[in-house]
Amino acid sequence: MPTSIQSIQTTPVVYPVEGRFKFFESPDGRPMGRPAVVVRITADDGTVGWGECVPSQRWSYETLESVHSTIETYLAPELIGMDPLDTDAVHARMNLAIAGSFSTGAPICKAGIDLALFDLSGKLLGKSAAERWGRNDQQTVTLSWTLNPRTLADAETDIAKAHSRGYRHFNIKVAPDPAFDLELCRLARRLAPDAVIWCDANGGYDLDRALEVAPKLADLGILALEQPVPANRLSWFGEARKQGALPVIMDEGVVSVVELEEFHRLGLLDGVAIKVARCGGVTEARRQVEFLEENGLMFLASGLTDPDLSVSASLALFGAYGLEHPAALNGPQFLANSILEEPLSIDGDMAEVPKGPGLGVAVNEAAIEAIRVKL
């Protein structure tokens, strides 16, 4: 019997943060929480799907308030009554309700809807992500530890903490100071000689600094340089890739497969750091992974310090598509609370891919209420 979307509910929450991460601290250095909007979609047969939007106002233009109001005011009314199994139609309707600019509009917001629908439809079908996609059912995904220290002494302490928790690999936040960045990477390589290490500049270098630092990072055995220059400096990406010192990985500039195809055609990148939350959800992220596979490009994986509900979607995708390199999913590193009935299983740096239909996890609604905030 056909099923339709009966209701869409949103709950704004803030997760407590442990440790320092530059995107979740106030201007005076005090730690802030990790905002999110939990999305609950109920079908007319009572089946419930859960998703999560993870806005970050210091990383994108999307905020806790904008995500919440966009779903409540614009998206939810458009989607009531639609078939939750017709993913393409749902995304088309969302993209009519909230138009794009250069690429998909409000992708972090739309990701929460997509994840909830993926969870709901998987439960209706009785299939896990890997089963739906006909992919290998990889059991675990290796995680990396994020380094973003203020000083080298802080870095040494943080690397020791990572090792004490069983983490072997590192992604390092760099830019704008190449001198400090190189010292930091030398320290990390000395203390973790066998680690997979890649650097993420979050668009923080200008072209001259990017070209200066890349060969020196390569000498230290760095895997790749992610987002070396700002997303809108496309010619700079071309120059960095032409230099050829390190694989040039895009992040912030790739929201849909459309610009990924175009940037590849223009020779601007060697790969992408896939973020499920950044590109409108697991549906679009999967398209991008398949494009990378088909074109022999590098597939790295990261997130937006996602809480466990959003992380479960990333683990489902990265496990199904056989991620080769450690994933920079640092939610487990920095976030304290869980809204799951059973928290994700992480042994050292090995995260277990959730099993079962949909996202493979069960939500504890009382835990959501415990971190709910008023807007």
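For the range 228-255, the set of residues classified as assigned to a helix (DSSP H, G or I) and either closer than 14 Å to LEU297 by Cβ or modelled with pLDDT under 95 (or both) consists of PHE237, ARG241, listed by residue number. Taking the criterion of being among the charged types (D, E, K, R) and either closer than 17 Å to VAL14 by Cα or touching a Phe, Trp or Tyr at 6+ places or on another chain (Cβ under 6 Å) (or both), the residues of the range 34-70 that qualify are ARG34, ARG40, GLU52, ARG58, GLU62, GLU65.
Against the test of being surrounded by 14 or more Cβ atoms within 10 Å (Cβ to Cβ) and either outside the structural domain of PRO12 (by TED's automatic domain parsing) or over 18 Å from SER256 (Cβ atoms) (or both), the options LEU124, LEU115, LEU75 yield a single qualifying residue, LEU124.
Screening ALA362, ALA351 for residues that are over 20 Å from PRO107 (Cβ atoms), in contact with a strand residue (DSSP E or B) (Cβ under 8 Å, 6 or more places away or on another chain) and buried (at least 23 other Cβ atoms within 10 Å of the Cβ) leaves exactly one candidate, ALA351.
Pull up the range 169-202, narrow it to residues that are in contact with a Gly (Cβ under 8 Å, 6 or more places away or on another chain) and not in a helix (DSSP H, G or I), then point me to the one that is surrounded by the fewest Cβ atoms within 10 Å (Cβ to Cβ).
Our first condition is that a residue be in contact with a Gly (Cβ under 8 Å, 6 or more places away or on another chain); within the range 169-202, this holds for 174-176, 189, 197.
Then keep just the ones that are not in a helix (DSSP H, G or I); that gives 174-176, 197.
Values: VAL174: 27, ALA175: 22, PRO176: 13, ILE197: 21.
This residue is PRO176.
Restricting to the range 39-69, name every residue that is touching a helix residue (DSSP H, G or I) at 6+ places or on another chain (Cβ under 7 Å), under 17 Å from SER7 (Cβ atoms) and of a type in the set (Ser, Thr, Tyr). Once the filter is applied, which keeps residues that are touching a helix residue (DSSP H, G or I) at 6+ places or on another chain (Cβ under 7 Å), under 17 Å from SER7 (Cβ atoms) and of a type in the set (Ser, Thr, Tyr), the range 39-69 yields only THR47.
Contact map, the range 338-356: first residue farther than 15 Å from LEU317 by Cβ, second residue among the hydrophobic types (A, V, I, L, M, F, W, C) and assigned to a loop (DSSP other than H, G, I, E, B), Cβ cut-off under 6 Å, separation 6 or more or different chains; pairs are LEU340/VAL361; GLU341/ALA362.
Looking only at the range 112-135, which residues are part of a loop (DSSP other than H, G, I, E, B) and either in contact with a Phe, Trp or Tyr (Cβ under 8 Å, 6 or more places away or on another chain) or modelled with pLDDT of 95 or more (or both)? Give the steps one after another, and end with the answer.
Of the residues in the range 112-135, the ones part of a loop (DSSP other than H, G, I, E, B) are 126-127, 134-135.
GLY126, LYS127, ARG135, listed by residue number.
You will find that of ALA160, ALA218, the residue that is hydrophobic (A, V, I, L, M, F, W, C) and farther than 25 Å from MET250 by Cα is ALA160 and no other. Looking across the range 143-159, just one residue is of a type in the set (A, V, I, L, M, F, W, C), more than 15 Å from ALA328 (Cβ to Cβ) and under 23 Å from the mean Cα position of the chain (by Cα), and that is ILE159.
So if I check each of GLN243, GLN288, GLN333, which one is farther than 23 Å from VAL38 by Cα, under 15 Å from the mean Cα position of the chain (by Cα) and in contact (Cβ under 8 Å) with a residue 24 or more places away in the chain? Of the residues listed, the single one that is farther than 23 Å from VAL38 by Cα, under 15 Å from the mean Cα position of the chain (by Cα) and in contact (Cβ under 8 Å) with a residue 24 or more places away in the chain is GLN288.
When PRO84 is tested against (1) surrounded by fewer than 17 Cβ atoms within 10 Å (Cβ to Cβ); (2) assigned to a loop (DSSP other than H, G, I, E, B); (3) over 21 Å from the mean Cα position of the chain (by Cα), just one condition goes unmet, and that condition is (1). Check the range 231-242 and report whether any residue there is crowded, with 22+ Cβ neighbours inside 10 Å, of a type in the set (A, V, I, L, M) and closer than 21 Å to ASN295 by Cβ. Scanning the range 231-242, I find at least one residue that is crowded, with 22+ Cβ neighbours inside 10 Å, of a type in the set (A, V, I, L, M) and closer than 21 Å to ASN295 by Cβ, so the answer is yes. Scoring PHE334 on the criteria (1) out of contact with any Gly (no Cβ under 6 Å at 6 or more places or on another chain); (2) crowded, with 19+ Cβ neighbours inside 10 Å; (3) aromatic (Phe, Trp, Tyr) leaves a single failure, condition (1).
Among the residues of the range 31-52, is there at least one that is part of a loop (DSSP other than H, G, I, E, B), modelled with pLDDT under 95, farther than 30 Å from GLU261 by Cβ and over 17 Å from the mean Cα position of the chain (by Cα)? Yes, the range 31-52 contains a residue that is part of a loop (DSSP other than H, G, I, E, B), modelled with pLDDT under 95, farther than 30 Å from GLU261 by Cβ and over 17 Å from the mean Cα position of the chain (by Cα). Applying the criterion of being crowded, with 20+ Cβ neighbours inside 10 Å and closer than 17 Å to PHE170 by Cα to the residues of the range 300-324, the residue that is farthest from the chain's Cα centre (by Cα) is LEU323.
For beta carbons closer than 7 Å, sequence separation of 6+ or different chains, a first residue in the range 202-221 that is in contact (Cβ under 8 Å) with a residue 40 or more places away in the chain and a second that is of a type in the set (Asp, Glu), the qualifying pairs are GLY203/GLU252.
The values are calculated or read from the model by the stated rules, or taken from the named source; none is laboratory data. A quick note: this is a predicted structure, and the numbers were derived from the prediction, not measured. Ideal geometry is used to build each Cβ from the backbone, glycine not excepted, and the neighbour counts take in all protein chains shown.
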